[in-house]
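Q: Take a look at this one; I'll ask things after.
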Amino acid sequence: MKRHIFISCFACLFGFSISALAQATPTASRSGSLQLGAGFTYVVPDYGQAHDKGPTFYGTYDFTQHLGVEGDIHYASIIAPADIGEDTYLIGPRFVINKKRFAPYAKLLFGVGQLNLQFDTSPHTKTSHFAYAVGAGLDYHLTHSINIRAFDFEYQEWSYLSGLTPLVYTFGVAYQFH
């Protein structure tokens, strides 16, 4: 299931990038742009005192100057001190405002949250659940093609038991295709 979601997210993003080549856009516009990036995630779960950490991979495609889609893959079970890791595979719409080098954005993502139980005394188990996230962040256009994800925040809700509500913080760097 994880591989299917991963392939679907990136197939959509790459498919949209091909359609962007069909029509020229003005050089001052940020519409029709694809960016792919990687970063580091810090998760505050709503259980225990330990915080999970790990890599994140993300991609955005902006259809217009303000509207686009974002896909995130958070592998926060890499560093899981409580032996309970949380990975998410999310995609959804985003709204961005480009002001010179700054691009603040808001997003609403849907997908799958995977709980990884890693206790040493029992076999590792994974359970998958519906999840969604409401988030916001700021990208900084360092160069024409390099964007710094200064911060990204997501409030997630999972359909696990009475519901998990982790807080997810991410920073990273992306390459923007024009």
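The values are calculated or read from the model by the stated rules, or taken from the named source; none is laboratory data. Because the structure is predicted, anything quoted here is derived from the model rather than measured. Here the Cβ positions follow ideal geometry from the backbone for every residue, glycine too, while neighbour counts run over all protein chains shown.
Q: Given the options Tyr160, Tyr155, name the one that is of a type outside the set (Asp, Glu) and in contact (Cβ under 8 Å) with a residue 24 or more places away in the chain.
A: Tyr160
Q: Quick check, is Glu86 at pLDDT below 95 and surrounded by 20 or more Cβ atoms within 10 Å (Cβ to Cβ)?
A: yes
Q: Take the residues of region 141-150 that are without any contact (Cβ under 8 Å) to a residue 40 or more places away in the chain and surrounded by 14 or more Cβ atoms within 10 Å (Cβ to Cβ): which is farthest from the chain's Cα centre (by Cα)?
A: Restricting to residues being without any contact (Cβ under 8 Å) to a residue 40 or more places away in the chain and surrounded by 14 or more Cβ atoms within 10 Å (Cβ to Cβ), the top hit is Ile146.
Q: Same structure again: Against the definition (surrounded by fewer than 16 Cβ atoms within 10 Å (Cβ to Cβ) and not hydrophobic (A, V, I, L, M, F, W, C)), how does Lys99 come out, yes or no?
A: Judged against the criteria, Lys99 is a match.
Q: Let me ask something additional. Tally up the residues in region 48-63 that are more than 19 Å from Tyr175 (Cα to Cα) and either modelled with pLDDT of 95 or more or not in a strand (DSSP E or B) (or both), please.
A: Adding up the residues that qualify gives 4.
Q: Right, another one. Just to be sure, is Ser77 hydroxyl-bearing (Ser, Thr, Tyr) and over 20 Å from Tyr42 (Cβ atoms)?
A: So Ser77 fails the test.
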